[in-house]
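Right, one structure below, let's go through it.
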Amino acid sequence: MERREGNINGSSVKKGLRIRYSMNFPKGYELEKRVKNWVDQWQDLPYISPYENAFHLGSSSDQAEKWAVGVLHELLYLLVSKKTETDNVICLGDYLGFGTRFKKALVHHPGIFYMSHKIRTQTVVLREGYHKAFLIEKHPLMGMRHRYLYLMSRSGRVKKRDSVHGNERSNRSFDATNSC
């Protein structure tokens, strides 16, 4: 985030600078006035690098929440797909000592993180990484992954077809021997 901000402004990011996260809400999503004011105040807090140790901040403070959001944002940004299962994030957060800070960040910031609940799997998605359903930054590994999934699904269909035909053949030969 710091590097991207520095590239936009053409300078290095200094400690205590106010960096605002991009908030992408779906169409028709309106924030209440008091929530919008809180988000604006939260965005104006000084940015703490996710690479700094900020565990000295009170766990319920807004600045600690901004740091936790920064860590979570950086984690998802480093992933090729810009998304992962929520359980993975929570487990990593517990391991790193964040406790419930990651859960709180996911719940309080739907403009930064999107929670998907498809096919009994909860997935957290970095909204900034997607435009509609497509990744903004195309990565060659994602193309390879999609090709691999396509080939695996295709080979599964071929195996099913062969096993169905194989069973029919064996049933026919069984019927032919029993009919005599």
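Data overview
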read-out: Taking the range 27-129 and dividing mean pair separation by its residue count, relative contact order in percent (alpha carbons under 8 Å, at least six apart); value: 21
read-out: Table column - 3J(HN,Hα) (Hz), the range 141-156, Karplus curve with 6.51, -1.76, 1.60, x for Gly and Pro; value: 5, 5, x, 5, 5, 4, 5, 4, 4, 4, 5, 5, 5, 5, 5, x
read-out: Ranked list, fewest to most other Cβ atoms within 10 Å of each Cβ, for H109, H131; value: H131, H109
read-out: Rounded to the nearest 20 debye, dipole of the range 2-135 from Cβ charges on Lys, Arg, Asp, Glu; value: 360
read-out: Amide H contacts of M23 (H built 1.01 Å from N, under 5 Å, at least 5 apart or other chain); value: none
read-out: The range 23-28 - phi-based ³J(HN,Hα) in whole Hz, Karplus 6.51/-1.76/1.60, Gly and Pro as x; value: 10, 10, 9, x, 4, x
read-out: Cut-off under 5 Å, modelled amide H: who pairs with L17 long-range; value: Y47
read-out: Under 5 Å, built H, 5+ apart or other chain: amide partners of Y130; value: I136
read-out: Separation of alpha-carbon centers, the range 35-87 and the range 107-140, rounded to whole Å; value: 16
read-out: Value in Å of the Kirkwood radius, where the range 61-131 supplies the Cα pairs that are averaged; value: 12.1
read-out: Backbone HN-Hα couplings from phi across the range 95-108 [Karplus 6.51/-1.76/1.60, Hz, Gly and Pro as x]; value: 5, 7, x, 7, x, 8, 4, 5, 4, 4, 5, 5, 6, 7
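Every number in this text was worked out from the coordinates using simple rules, so none of it is lab data. Here the structure is a predicted model, which is why all the values come from computation and not from measurement. When we count neighbours, we look across all protein chains shown, and the Cβ atoms used for this are built from the backbone with ideal geometry, even at glycine.
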